[in-house]
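Undergrad: Structure incoming, see below.
The values are calculated or read from the model by the stated rules, or taken from the named source; none is laboratory data. Because the structure is a prediction, the values reported are computed rather than measured. Every residue, glycine as well, gets a Cβ built from its backbone with ideal geometry; the counts of neighbours run over all protein chains shown. Note: accessible area is taken over every heavy atom of the protein model, side chains too, but ligands, DNA and RNA are not part of it. Shrake-Rupley method; radii C 1.70, N 1.55, O 1.52, S 1.80 Å.
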Amino acid sequence: MSRKPFIAGNWKMNKTIAESVALADELKPMVAGVRDVEIAVCPTFVSLAAVGEAIEGSNIALGGQNTFWKESGAWTCQISPQMLVDAGCKWVIVGHSETRGRFGTVDDELAKLLSYFGECDATVNMKAKYAFEAGLTPIIACGELLSEREAGRTDEVISAQMAIDLDGFTKEQAMRMVIAYEPVWAIGTGQVCDPDEADRVCGLIRAIVKKMHGADVADAVRIQYGGSVNDKNAAELLSKPNIDGALVGGAALKADAFATIIGSAR
Ligand code: PEP
């Protein structure tokens, strides 16, 4: 089965509202003719509405970088999936290593202690389910730490994350979900994962999806690679059979680099 490539830009905690709109305005004409690649940008929460307006009617969709599993109420600093839909979002990233508190660039033990937002696989799963119910589609991120890879535990870590993160979805939800394999040590480090190894882990994820949700879902599900993807290395990564797109951080902040990555997926 052929899966439509999906390139999403995670702008993280970058750019003011005006800068975000300017980046969206710059990107729009560069990718205007692209119909065979799905495109999304995920600005900061405060820029969502303005960027949503800027990309209205274009082939670029809007996504949030995180969400919560309640619709409203006394949950200080949280954003509900309904609010993301209201701001124009179609997508939401859940389980990014930076919200899980799993960092590749600081001491791993410290990162575990910090676990910045109390995120764990159970909360990632709740967020994904609630996002679906609200009409969003989650991009579910997973990935191993450098220490876990060095200890030969990559497959074990990914399997454990997937077993909880992807649990209990309906068939229709599982068909729609997107998974992002993001080795934590590759995020923001310039140290991209070897394309064959990235493809192997994405293949492992597909096999897990098959076991949990069936062969039809495994065939349909899109699995992105994320971790130091740029305009130079994207083509090789995206040529791999189990890699259906990319979740892009740093390189998504430059319109021309992001447009080149999108072009590489065609
Ligand atoms: C990310 O934020 O998901 C990411 C992969 O970042 P970068 O592309 O900068 O490594």
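Undergrad: What ranking, highest mean first, results for peptides 161-168, 15-22 when packing means the other Cβ atoms within 10 Å averaged over each residue? Don't jump to the answer; show the numbers that get you there.
TA: Details: 161-168: 18.8, 15-22: 15.4.
Final packing ranking: 161-168, 15-22.
Undergrad: Using the crude model of +1 on Lys and Arg Cβ and -1 on Asp and Glu Cβ, and no other charge, please compute the dipole size for the chain relative to its Cα centre, in debye to 20.
TA: 460 debye
Undergrad: Report relative contact order for the stretch 197-266 in percent, whole number only (criteria: Cα-Cα under 8 Å, sequence separation at least 6). All intermediate terms of the calculation are to be shown ahead of the outcome.
TA: Working: 87 pairs, mean separation 22.3, N = 70.
Over the stretch 197-266, the number comes to 32 percent.
Undergrad: Once the convex hull of the alpha carbons of the chain is built, what does its volume come to per residue, in cubic angstrom?
TA: Working: hull volume 30.9 nm³, N = 266.
Here the figure is 116 Å³ per residue.
Undergrad: So what is the relative contact order of the stretch 114-176, in percent, for Cα pairs below 8 Å that sit 6 or more residues apart? Each step should come with its number before you reach the end.
TA: On the way: 33 pairs, mean separation 24.5, N = 63.
Normalised by residue count, the contact order of the stretch 114-176 is 39 percent.
Undergrad: Given contacts defined as C-alpha pairs under 8 Å and at least six residues apart, what's the relative contact order of the chain, whole-number percent?
TA: On the way: 544 pairs, mean separation 55.6, N = 266.
Relative contact order of the chain: 21 percent.
Undergrad: Per residue, how much accessible surface does the stretch 171-266 expose to a 1.4 Å probe? Answer in Å², no decimals. Intermediate results must be reported in sequence, preceding the final value.
TA: Details: 3530 Å² over 96 residues.
Solvent-accessible surface per residue comes out at 37 Å².
Undergrad: Tally up the carbon and sulfur contribution to the accessible surface of the chain as a whole percent, 1.4 Å probe, everything protein left in place. The partial results should precede the final answer.
TA: Working: 6110 of 11260 Å².
That share works out to 54 percent.
Undergrad: Which of GLU150, GLU236, GLU56 ends up with the largest GNM mean-square fluctuation for the chain, with Cα atoms connected below 10 Å?
TA: Among GLU150, GLU236, GLU56, the largest mean-square fluctuation in the Gaussian network model of the chain belongs to GLU150.
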